[in-house]
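So the structure is just underneath, and the comments pick up after that.
Every number in this text was worked out from the coordinates using simple rules, so none of it is lab data. All of these numbers come straight from a predicted model, not from anything done at the bench. Counting neighbours? That spans all protein chains shown, and the Cβs are built from the backbone with ideal geometry, glycine included.
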Amino acid sequence: MRTYKRWLPPLLLISPTLVLLSVFVYGLLAVNVQTSMTDNHTSAQAAGVEPSVFVGLQNYLDLLGSDSFQHSLKNLLLYTVVFLVGTMAFGFLWAWLLDRPMRFEGIFRSVYLFPMAVSFVASGVVWRWLLNSNQGEQASGLNRLFQIVGLDFLQNNWWNNNSVGITAIAIPAIWQLSGYVMALFLAGFRGIPEELREAARVDGATEWKLYRHVLFPQLGPVALSAVVIIGHMSLKAFDLIMAISKPANYQTKVPAIDMYQLKASFDYASSAAVGSILLVIVAVLIIPYLVHLAREGRR
Amino acid sequence: MTASTLTAPPERQVPPTATRSRFSVGRTARYALLLFFLVLVLIPVYVLLVTSFKGAGDAAPSRAWNLPQVWTLENWQLAWETLSPAIVRTLQMVVPAALISSFLGSINGFVLSRWRFRGADLVFTLILFGMFIPYQAVMIPLSQLVIDLGIPSGIPSLILLHVIYGLPITTLIFRNYYESVPNELIEAARIDGAGMLRTYGSVVLPLSIPSFVVVLIWQFTSAWNDFLFAVFFSSSQNGPVTLALNNLANGALLQNYGVSMSGALLASLPTLLVYILLGKYFIGGLMSGSVKG
């Protein structure tokens, strides 16, 4: 009697959330896996007018065996690598430059971070213009800017390239999220006890040695968080591609785009399979990280 | 790395070092680099602003980077006419979505940190997992479920989805914040005979204003900028501004960059205003949203 009075009220209070999330997260994940294992490929089946039968892992095998989906996976990998390297490099450099107290620090910080407040769709509008593939007389956007500043050789056709076009889409993504990574690293720098800096200075360390041997090694956990957050965001890449190159463009498609296209063509089974594949990819990244965090927390 | 990250990174209160007053090559180089990157980051802003004021006479590619020959407000007018209904709808969506999910998150955070029950940590982990799933992995059954529940397409569906899928992050932020509330406060209320709801309402809730600001801003921004749910659960007739903007920019109409860039600026104004006016809280949300767990 006494014990249930202790645990029942809090459980009741949290129950709306528990019910919603068990249905909308766990329930739907299960239904999605189930749909992905049927032959639900037509609009009549999607509408439930015609029955679908269980086909096991066939849809997964078909997808992973197809050139088109392999192209999406390759694009996703390329995009993620460029996005990660770019945001980590800029974010780290900016944080390092801004770490020591200086004038106008707040202005630099605010400007570097502001693209984060804008939607991918809105920034996609201007980046579509900047990444215009016209060159020479017809060039506008960045290609025209390269001409103006005398760097003509840098002109290229950006995302209109079958093998590496996707990396052009990573440029606006880097523009939007480098400031975020900077904020993470800045918090990391500021979290290092002042005594550590003082001790190194007393020992006669130069500024560079102070950073190289004392401060940088302290940033490992922040760097790991940044990699996981950006990587996680990258795997779900969708908005920017929709805004810049339109979904039907083969050269810039990734799994999230395939999922959208397959659903639009009422191939629910394959669409669901793409979703589950994305889930597995994200889980491979996130679960070890969460386990690592939990272990750290216990220590 | 948990509760302490709720607020903006603290300014270091260090007396300037002796080298500060002196001219130094290192410092000049640092400013030069920072200025260079500042210009780089602002290039798209220049393009947006300049193009939005350009008329048809400035369409030639050779004038792409020039200032307008004639400054005009036509693009802005046209963009406003096209987007204003969607902007109103987005407000109608974002305000309730942010309020409801923040309130629920606050209750969850309280229960999971300061009125714990057996298995609270497991429940928290299960809630948190919802933050990491790619929504593509639930989209097919989700669209079916929303139809089956009879929720109208457009804003009502989107409010529901933003509330539900916002719960993990709002719960996380509040839980981390309440962990920093001294347990003595709660205990004192308990000893005075206050029950769970009384304790929440009279002790915890009044302390929560700062994290409510953080969470509301976070939810406001992410719902305002959302495109994925908008594409799947609304149309340009009943959807939010991201969808309307994308249709404006990529629509069947002749590509008119002047109008779409004015539109992009209009659609970004609310979140930019929040960022400029409440930047500290905005960054607070970023930090707590980032360092998960």
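In the Gaussian network model of chain A, springs joining C-alpha atoms below 10 Å, which of A:107, A:244, A:230 carries the largest mean-square fluctuation?
A:107
Based on the mean of other beta carbon atoms within 10 Å per residue, what is the order of B:112-120, A:255-263, B:190-198, most packed first? Could you put the intermediate results ahead of the total?
Working: B:112-120: 18.2, A:255-263: 23.2, B:190-198: 12.3.
Result, highest mean Cβ count within 10 Å first: A:255-263, B:112-120, B:190-198.
Per-residue Cβ counts within 10 Å, from other chains only, averaged over B:35-48: what number is that?
5
First measure r as the distance between the Cβ atoms of residue B:237 and residue B:56, then evaluate 1/(1 + (r/R0)^6) with R0 = 35 Å and state the FRET efficiency to the nearest 0.05.
It comes out at approximately 0.75.
Report the convex hull volume per residue for the protein assembly as shown, counting only C-alpha atoms, in Å³. Let's see the in-between values first.
Numbers: hull volume 108.6 nm³, N = 592.
Per-residue hull volume (Cα only) is 184 Å³.
Can you list the residues, at least 5 places off or on another chain, whose amide H is less than 5 Å from the amide H of residue A:38, using H built in the peptide plane?
A:55
Give me a single rounded figure for A:236-244: the average over its residues of other chain Cβ atoms within 10 Å of their Cβ.
4
Where does each of B:132, B:174, A:24 land when they are ranked from fewest to most other beta-carbon atoms within 10 angstrom?
Neighbour counts put them in this order, fewest first: B:132, A:24, B:174.
How do A:136-147, A:80-91, A:112-123, A:42-53 rank on mean C-beta neighbours within 10 Å, highest first?
Averaged packing, sorted descending, gives the order A:112-123, A:80-91, A:136-147, A:42-53.
List the residues of region A:208-222 whose backbone N lies under 18 Å from a point placed 7 Å from the Cα of residue B:25 along the Cα-to-Cβ direction.
Hits in region A:208-222 for residue B:25 at 18 Å: A:208-209.
May I ask you to derive the FRET efficiency for residue A:148 and residue A:47 from their Cβ-Cβ distance with R0 = 60 Å, giving the value to the nearest 0.05?
Details: r = 55 Å, r/R0 = 0.92.
That gives a FRET efficiency of 0.65.
Which whole-Hz couplings ³J(HN,Hα) result when phi for each residue of region B:135-140 is put into the Karplus expression 6.51 cos²θ - 1.76 cosθ + 1.60, θ = phi - 60°, listed in order with x for Gly and Pro?
Taking θ as phi minus 60°, the curve returns 5, 4, 7, 10, 4, 4 Hz for region B:135-140.
Each label point is 7 Å from the Cα along the Cα-to-Cβ direction; what then is the distance between the points at residue B:207 and residue A:250, in nm?
6.1
What is the mean number of Cβ atoms from other protein chains located within 10 Å of the Cβ atom of each residue in peptide A:175-186, rounded to a whole number?
Mean shielding by partner chains, rounded to a whole number: 3.
What helices does chain A hold that run 15 Å or longer along their axis, going by alpha-carbon atoms, with a Kyte-Doolittle average of 1.0 or more, using DSSP H for the helix calls?
Qualifying helices, which must be both long enough and hydrophobic enough, are A:166-190, A:220-235, A:268-298.
Among B:287, B:131, which comes first, then next, by fewest other beta-carbon atoms within 10 Å?
B:131, B:287
Can you give the helix-only mean residue ellipticity at 222 nm for the protein assembly as shown, where every DSSP H stretch with n ≥ 4 adds -39500 (n - 2.57) and the sum goes over all residues, rounded to the nearest 500 deg cm²/dmol?
About -22000 deg cm²/dmol.
GNM on chain B, C-alpha springs below 10 Å: top fluctuator among B:217, B:133, B:100?
B:133
How would you classify region B:74-288 from its alpha-carbon gyration tensor, with a ≥ b ≥ c the square roots of the eigenvalues: rounded for a/c under 1.5, else prolate if a/b is greater than b/c, otherwise oblate? Intermediate results must be reported in sequence, preceding the final value.
Working: a/c = 2.87, a/b = 1.90, b/c = 1.52.
Prolate shape, in that a/c is at least 1.5 and a/b is the bigger ratio.
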